[in-house]
Amino acid sequence: MGTILSIKDLSFSYDATEVLSAISLTIDKGDYIALAGPNGAGKTTLVRVILGLEEKYKGTIEIFGKDLEGFSEWRRIGYLPQDVNVFNPLFPATVKEVVGLGLLSHKSFPRKFTRSDEEKILKALELMDISLLKDKLVGALSGGQQQRVFLSRALVSDPELLILDEPSTALDPKTREQFFSLIEKLNKDKGVTLIIITHDTAHIGQYASKLLYLDKKIVFYGGFADFCQSKEMEKFFGPFSQHLICHQHR
């Protein structure tokens, strides 16, 4: 399958406060990882370190077999941050323009779209079923439609790894189901490796193949079958919560 991400003995602190402690894990191509844990557990920090947005960490990180400090192929990674849902409705950008930003960020000056870029933008819009919205202002769209736009932006460079930080918090239940169905299709049909930060551990169990439960250090990392059979996890989560997560997993 191939290794996408390898982390060994990763620790990270803000000032004197340790946020991540002795994190070691491997993520393989095609994995669908649910990254869960309580508030302040270090979930977003872990993602920011992986993306090179935080420095002064201890340990080693390899992405696609290359050390993070020398890694430059960022177009292979798509990222949907948590605060992307806070969008100024007056910002005069169309759907097509916002999606195109996912390509411009990887270009050197002068940043111009090519015919190939135009095709990639249209393909990303089609994949998310929002082609008809391409000339609409993003601020005029519903929350679910906006989420598809930003996901299209994350996908436009055809990434092999997609990282989403709480992608469903602004969505109603119906739109959330549609969103996760789209994500699942990307994973199964396109082979995109997924890391999704979520507080909804029970719900994500319907889709994810592995659970990474973090509380500054790794509490559990593995398949849901192992989680469901773990007496240690039953003690940690309590039998009711463990049963709820396992019942949702398919």
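Quick notes on this one:
- Qualifying positions in the range 1-55 - in a loop (DSSP other than H, G, I, E, B) and among the aliphatic types (A, V, I, L, M): MET1, ALA16, ALA41, LEU51, LEU53
- Scanning the range 199-217 for residues that are assigned to a loop (DSSP other than H, G, I, E, B) and surrounded by fewer than 19 Cβ atoms within 10 Å (Cβ to Cβ) gives HIS199, ASP200, GLN206, SER209.
- Among the criteria (1) among the hydroxyl-bearing types (Ser, Thr, Tyr); (2) in contact with a His (Cβ under 8 Å, 6 or more places away or on another chain); (3) surrounded by 20 or more Cβ atoms within 10 Å (Cβ to Cβ), the one THR193 does not fulfil is (2).
- Candidate set from the range 224-234 (those that are out of contact with any Leu (no Cβ under 8 Å at 6 or more places or on another chain) and farther than 14 Å from GLY37 by Cα); member that is surrounded by the fewest Cβ atoms within 10 Å (Cβ to Cβ): LYS231
- In the range 54-97, the qualifying residues are those that are at pLDDT below 90 and of a type in the set (A, V, I, L, M, F, W, C), and the one that is farthest from LYS190 (Cα to Cα) is LEU90.
- Filter result (within 17 Å of HIS199 (Cα to Cα) and among the small types (Gly, Ala, Ser)) within the range 229-245: GLY238, SER241
- Test: THR198 is modelled with pLDDT of 85 or more, of a type in the set (Val, Ile, Thr) and within 21 Å of ILE121 (Cα to Cα): no
- Subset of the range 156-184 (residues that are in contact with a Phe, Trp or Tyr (Cβ under 7 Å, 6 or more places away or on another chain) and of a type in the set (D, E, K, R)): GLU184
- Residue identified as of a type in the set (A, V, I, L, M) and over 22 Å from SER142 (Cβ atoms) among LEU162, LEU171, LEU182: LEU162
- The residues listed here are ILE218, ILE196, ILE183; of these, the one that is under 15 Å from GLY37 (Cα atoms), under 14 Å from the mean Cα position of the chain (by Cα) and β-branched (Val, Ile, Thr) is ILE196.
- Taking each residue of the range 221-242 that is among the charged types (D, E, K, R) and looking for partners that are modelled with pLDDT under 80 with beta-carbon atoms closer than 7 Å, six or more apart or interchain, yields GLU234/GLN242.
- Selection status of PHE179, touching a residue at least 40 places away in the same chain (Cβ under 8 Å) and under 12 Å from LEU80 (Cβ atoms): no
- Sole exception among (1) modelled with pLDDT of 90 or more; (2) within 25 Å of ASP28 (Cα to Cα); (3) in a helix (DSSP H, G or I) for LEU132, by number: (2)
- Boolean, THR17 is surrounded by fewer than 18 Cβ atoms within 10 Å (Cβ to Cβ), among the β-branched types (Val, Ile, Thr) and on the phi < 0 side of the Ramachandran plot: yes
- Candidates PHE237, PHE220: the one that is among the hydrophobic types (A, V, I, L, M, F, W, C), surrounded by 16 or more Cβ atoms within 10 Å (Cβ to Cβ) and at pLDDT 80 or above is PHE220.
The values are calculated or read from the model by the stated rules, or taken from the named source; none is laboratory data. Keep in mind the model is a prediction, meaning the values are calculated, not measured. FYI the Cβ positions are ideal-geometry reconstructions off the backbone, even for glycines, and counts take in every protein chain you see.
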